[in-house]
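Presented below is the structure to which this report refers.
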Amino acid sequence: MTEHVNMSFDPTTGVATLTLAMAGRANKIDDAFVGALAAALAVAKATDGLQGIVIDSAHKDFCVGADIDGLYAVTDASVLLARVQALQALYRGIETAGVPVVACLTGSALGGGYELALACHYRVVLANDRVQVGLPEVNLGVFPGAGGTQRLPRRIGLQAALDIILQGKVLRASKALEAGLVDALAPTAEAVRDQALAWIAANPGARQPWDDKRGRVPPPRPGSEDFRNLVMVAAAMLQKKTAGVYEGPKEALAVIQEGLGLDFDRACELEARSFVRLAIGAQAKDMIRTGWFHRTAAERHEGLPSTGELGVDAGIERVAILGAGMMGAGLAFISAQAGYRVVLKDIDATALERGMAHCANQATRRLKHLSAEARAEVLERIHGTLDLGDLNGCDLIIEAVVENRDVKHEVTRQTEPLLSSNGIWASNTSAIPITDLAVASHHDDRFIGLHFFSPVEQMPLIEIIMGARTSTETLARCLDFAKRIRKLPIVVNDGYGFYTSRVFSSYIVEGAQLVAEGHDPALIEWAAKQAGMAVAPLQVFDEVTLTLGKHAIDQSVRYIGARDLAGTRLIERLVDMGRHGKAA
């Protein structure tokens, strides 16, 4: 037994169990983790009668990967290389222990945690879709550095491994089994261990394929024409998707291609050096800072009020959505999925029918991991109606009607009196100032902006806009709502376009301005992609429709005055010509 890893031995089965028990809420890979697991492994290997090893976890998750704080802080290449090589040596020691080693994944195994599971000879995972498995490292500017770029393609083949590694995919347990990332599912934690013990008993001579002289990389064979063609296609797709600006997936592809033509230990050395070069670079540091630290701060609502601090209850159990279009129906679905009782209200029977059908379709697509009864329970929480009276007693009303100030005022006057005694009225407007909309309210302290993004089932962001008189308590209650529906909040002050719409409109109008000035549209699109934008400005404009852009330009005159730009004149001319965008 060590401080961070517990070791037990059952002489009746000859199986040693190494239980990861790092301090804190999760197992993270740092120097202490490597030292403790290496010491426990040494004790297990020295135990008389050893027949096999099981690695499991004392925490909810198996291992969540590298300690990001430590990875971000290190800037010395030699220091980081020594750490990476020590981790690689530990994982090599596990797979060459001379006895079968099984990973029992009763919780998620991500990044270096999944690489640990890959170093084991067999992986049994709990059949619960809260358990996730994968290699998300490219999302933080690096790639798997503990043997993952070499073990995974040697197990599941080049194409399947590239799909996981280059996209930073994380899969639910059942999907991980289908993709070959794990070997077996078990219904309970006890059954996971039982399967592990049975496999050890049945496979006393287990070895990794790359440690077997007859072992071969799954086809296509490295150096073959099919192998080269597959790598070239992957490189072309990567270039098309990212314009070559992300170093992590590019470097990962190179390491996989070169490494599969080398013996395993040399390939791991190549991986370690490339990983270190990326990890100490500016891009990885920037992506970790923004994608990890800043995002985590937003997820934790750092610096924002909470209902607990204010001593109030969120008091939101029944939610009403006004407007059954794609946005409104999507809001109804995610609210019901979070456990809220939902009223979906529209004034048109056909639109309401489409909205309810959208909810049913989303349940089929997004809740496949649930039983039919559980999916039905979600849908039963959504009540579609044309009757205004059904809103009576709702704790939160979210308006998702047409983007028109006068229409929104009228809807507010009709529905606000139906709220519960401390109910909140929220607008999903993308641009109209909340303070301006709140003039129609009798309780502007409980009037707020909740700006969602389409498709709302996929887009994680929610922009919360504080009107001039919106109370701190209302903000805290809406932050609680955002957490329950699993949205990432940013809180902003009021003003036309808020934050997101101002940035978004600047981006696409600048694209139109460049076209109006005579620049080649293809060059404009590639310039944006080379700046790191996921979707280029003219494509975005085309997909949100030019008519929406013209409407926004017309509406903005009320708040920021007319803008006589060549780009806006071009948009107006295209709309007048009937060129309305992709939807048309």
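Against the definition (in contact with a Phe, Trp or Tyr (Cβ under 8 Å, 6 or more places away or on another chain), under 16 Å from I397 (Cβ atoms) and polar (S, T, N, Q)), how does N428 come out, yes or no?
So N428 fits the description; yes.
Scan G339, G281 and give me the residue that is at positive phi and modelled with pLDDT of 95 or more.
Answer to the selection: G339.
When residues of the stretch 1-11 are filtered for being under 34 Å from the mean Cα position of the chain (by Cα), assigned to a strand (DSSP E or B) and not aliphatic (A, V, I, L, M), how many remain?
The number of residues fulfilling the criteria is 1.
For residues that are in contact with a helix residue (DSSP H, G or I) (Cβ under 9 Å, 6 or more places away or on another chain) and without any contact (Cβ under 8 Å) to a residue 40 or more places away in the chain, scanning just the stretch 490-510, find the one that is nearest to C478 (Cα to Cα).
V492
Return the only residue of R477, R469, R486 being within 25 Å of the chain's Cα centre (by Cα), in a loop (DSSP other than H, G, I, E, B) and more than 27 Å from F541 (Cβ to Cβ).
Only one candidate passes the filter, namely R486.
Has the stretch 152-175 got any residue that is in contact with a His (Cβ under 8 Å, 6 or more places away or on another chain) and under 22 Å from G14 (Cα atoms)?
Scanning the stretch 152-175, I find no residue that is in contact with a His (Cβ under 8 Å, 6 or more places away or on another chain) and under 22 Å from G14 (Cα atoms), so the answer is no.
What's the number of the condition V217 fails, among (1) touching a Pro at 6+ places or on another chain (Cβ under 9 Å); (2) loosely packed, with under 13 Cβ neighbours inside 10 Å?
(2)
Looking at the stretch 290-304, which of the residues that are open to solvent by 30 Å² or more (accessible area, probe 1.4 Å) and in contact with a helix residue (DSSP H, G or I) (Cβ under 7 Å, 6 or more places away or on another chain) is farthest from A77 (Cα to Cα)?
Looking at the filtered set, the residue picked out is L304.
Within the stretch 431-446, is there a residue that is small (G, A, S), in contact (Cβ under 8 Å) with a residue 60 or more places away in the chain and on the phi < 0 side of the Ramachandran plot?
Yes, that holds for at least one residue.
Considering only the stretch 319-337, I want to know if a residue exists there that is buried (at least 16 other Cβ atoms within 10 Å of the Cβ), under 26 Å from the mean Cα position of the chain (by Cα) and assigned to a loop (DSSP other than H, G, I, E, B).
So far as the stretch 319-337 goes, yes, one or more of its residues are buried (at least 16 other Cβ atoms within 10 Å of the Cβ), under 26 Å from the mean Cα position of the chain (by Cα) and assigned to a loop (DSSP other than H, G, I, E, B).
Given (1) assigned to a loop (DSSP other than H, G, I, E, B); (2) modelled with pLDDT of 90 or more; (3) under 24 Å from T290 (Cα atoms); (4) open to solvent by 50 Å² or more (accessible area, probe 1.4 Å), identify the lone condition not met by A534.
Every listed condition holds for A534 apart from (2).
Starting from the stretch 276-291, take each residue that is farther than 16 Å from G168 by Cβ and list its partners that are part of a loop (DSSP other than H, G, I, E, B) and among the hydrophobic types (A, V, I, L, M, F, W, C), counting only C-beta distances under 8 angstrom and pairs at least six apart or across chains.
I280/V74
Taking T47, is it under 30 Å from A201 (Cβ atoms) and touching a residue at least 24 places away in the same chain (Cβ under 8 Å)?
yes
Select from the stretch 258-289 the residues that are part of a helix (DSSP H, G or I) and open to solvent by 80 Å² or more (accessible area, probe 1.4 Å) and list them in ascending order.
E258, D265, R266, R273, R277, R289
Identify all residues within the stretch 305-338 that are farther than 17 Å from N422 by Cβ and touching a strand residue (DSSP E or B) at 6+ places or on another chain (Cβ under 6 Å); write none if there are none.
Correct list: I321, L322, A324, G328, L331, A332, S335, A336.
For the subset of the stretch 558-582 comprising residues that are open to solvent by 70 Å² or more (accessible area, probe 1.4 Å) and more than 20 Å from P521 (Cα to Cα), which member is modelled with the highest pLDDT?
D576
Do we have any residue at all in the stretch 42-56 that's surrounded by fewer than 20 Cβ atoms within 10 Å (Cβ to Cβ), within 34 Å of the chain's Cα centre (by Cα) and of a type outside the set (D, E)?
No, that holds for no residue.
Which condition from (1) surrounded by fewer than 16 Cβ atoms within 10 Å (Cβ to Cβ); (2) modelled with pLDDT of 95 or more is the one that T19 breaks?
Only one criterion is unmet by T19, namely (1).
Given (1) of a type in the set (A, V, I, L, M, F, W, C); (2) more than 27 Å from A202 (Cα to Cα); (3) surrounded by 18 or more Cβ atoms within 10 Å (Cβ to Cβ), identify the lone condition not met by A77.
Among (1) of a type in the set (A, V, I, L, M, F, W, C); (2) more than 27 Å from A202 (Cα to Cα); (3) surrounded by 18 or more Cβ atoms within 10 Å (Cβ to Cβ), the lone unmet condition for A77 is (3).
Filter the stretch 497-531 down to the residues that are open to solvent by 70 Å² or more (accessible area, probe 1.4 Å) and of a type in the set (D, E), then identify the one that is nearest to T429 (Cα to Cα).
The residue in question is E510.
Can you say whether Q337 is more than 30 Å from D554 (Cα to Cα), touching a Gly at 6+ places or on another chain (Cβ under 9 Å) and polar (S, T, N, Q), as far as the supplied structure shows?
No.
Give me the helices (runs of 4 or more DSSP H) completely within the stretch 123-222, filtered to those with at least 2 residues that are touching a residue at least 60 places away in the same chain (Cβ under 8 Å) and over 30 Å from the mean Cα position of the chain (by Cα), ordered by residue number.
189-202
The values are calculated or read from the model by the stated rules, or taken from the named source; none is laboratory data. Nothing here was measured: the structure is a model prediction, and the numbers come from that model. No Cβ is skipped: glycine too gets one built from the backbone with ideal geometry, and neighbour counts run over all protein chains shown. Note: accessible area is taken over every heavy atom of the protein model, side chains too, but ligands, DNA and RNA are not part of it. Shrake-Rupley method; radii C 1.70, N 1.55, O 1.52, S 1.80 Å.
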